[in-house]
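In what follows, a single structure is set out as structure tokens and then discussed.
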Amino acid sequence: MYCSKCGSAITLNTAFCQVCGTAVQPALAAAPMGAPIGAIAVPLAAGEVSPHWIPPVTRAYAGFWLRFVAHMIDSLLLGAVFMVLFIPLFMLTGLGGFLHSIAANHPPDPALIAAFGSSIALIVFGTVAAGWLYNAYFESSEWQSTVGKKVMNLVVTDLQGNRISFGRASGRFFAKLISGLIPFGIGYILAGITEKKQALHDMIASCLVLRS
């Protein structure tokens, strides 16, 4: 239930809006989808009226630089994990043998070339899969954020400020590939200039990044 004046969520069986004090009308039992995120009011007992002068608790949109720092923290964390995994992978696959044959100035063995291609494909696939699972799992968890976002006190929500599902978090991750295809990083820079601080992948997945 939402207020007809300010759009804030209203506790059931409350006579007045807890934010602006406007009288509640029974006809406004449901708000249209996409209603703006209003103040988060303190829950009240049934029938209790909240004074309109109580200041609302709000969440601000997260700008570009906060999100950039969070991304760098996540990148360093994932990079460290990849390095730990890459060393044994380098030893167990044909990548090391291929590089050794090049260094020895001998024509590379076709089998080594095939092993090299397979190793590169495996590394690329593993990198994308790990990034997907990491971002989708944490952003759809109770944290609503990756480790980097948690450090920066950021959360990922839907347009109503609610926790997102694993499927939507996955869609947001893969939509980043589209953001990355746009020259000069404009898909990401949009997070600093749009009204709700949404990057292109946020718009595609209908998500927000908020300061908790």
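The values are calculated or read from the model by the stated rules, or taken from the named source; none is laboratory data. Keep in mind the model is a prediction, meaning the values are calculated, not measured. Backbone-built Cβ (ideal geometry, glycine too); neighbour counts: all protein chains shown. In case anyone asks, the SASA skips ligands and DNA or RNA and just uses the protein heavy atoms, side chains included. Shrake-Rupley method; radii C 1.70, N 1.55, O 1.52, S 1.80 Å.
With only Lys, Arg, Asp and Glu charged, each at its Cβ (+1 for the first two, -1 for the last two), find how big the charge dipole of the range 152-212 is about the Cα centre; round to the nearest 20 debye. Show your work: numbers first, answer last.
Values: 7 positive and 3 negative charges, 26 e Å.
Computed about the Cα centre, the dipole is about 120 debye.
What FRET efficiency comes out for Leu77 versus Ala121 if R0 is 30 angstrom and r is the Cβ-Cβ distance? Round to the nearest 0.05. If you can, show how the numbers build up before the last one.
Values: r = 24 Å, r/R0 = 0.80.
FRET efficiency, Leu77 to Ala121: 0.80.
Between Ile186 and Ala130, what is the label-point separation in nm under the 7 Å Cα-to-beta-carbon projection?
That separation, rounded to one decimal, is 3.3 nm.
Accessible area of the range 141-208 with a 1.4 Å probe: how many percent of it is carbon plus sulfur? All intermediate terms of the calculation are to be shown ahead of the outcome.
Details: 2150 of 3410 Å².
Solvent-exposed carbon and sulfur of the range 141-208 make up 63 percent of the total.
Which of rounded, prolate, oblate describes the range 115-197, given a ≥ b ≥ c as roots of the alpha-carbon gyration tensor eigenvalues and a/c under 1.5 marking rounded, otherwise prolate only if a/b is larger than b/c? Working shown, then result.
Numbers: a/c = 2.36, a/b = 1.41, b/c = 1.67.
Cα axes put the range 115-197 in the oblate bin.
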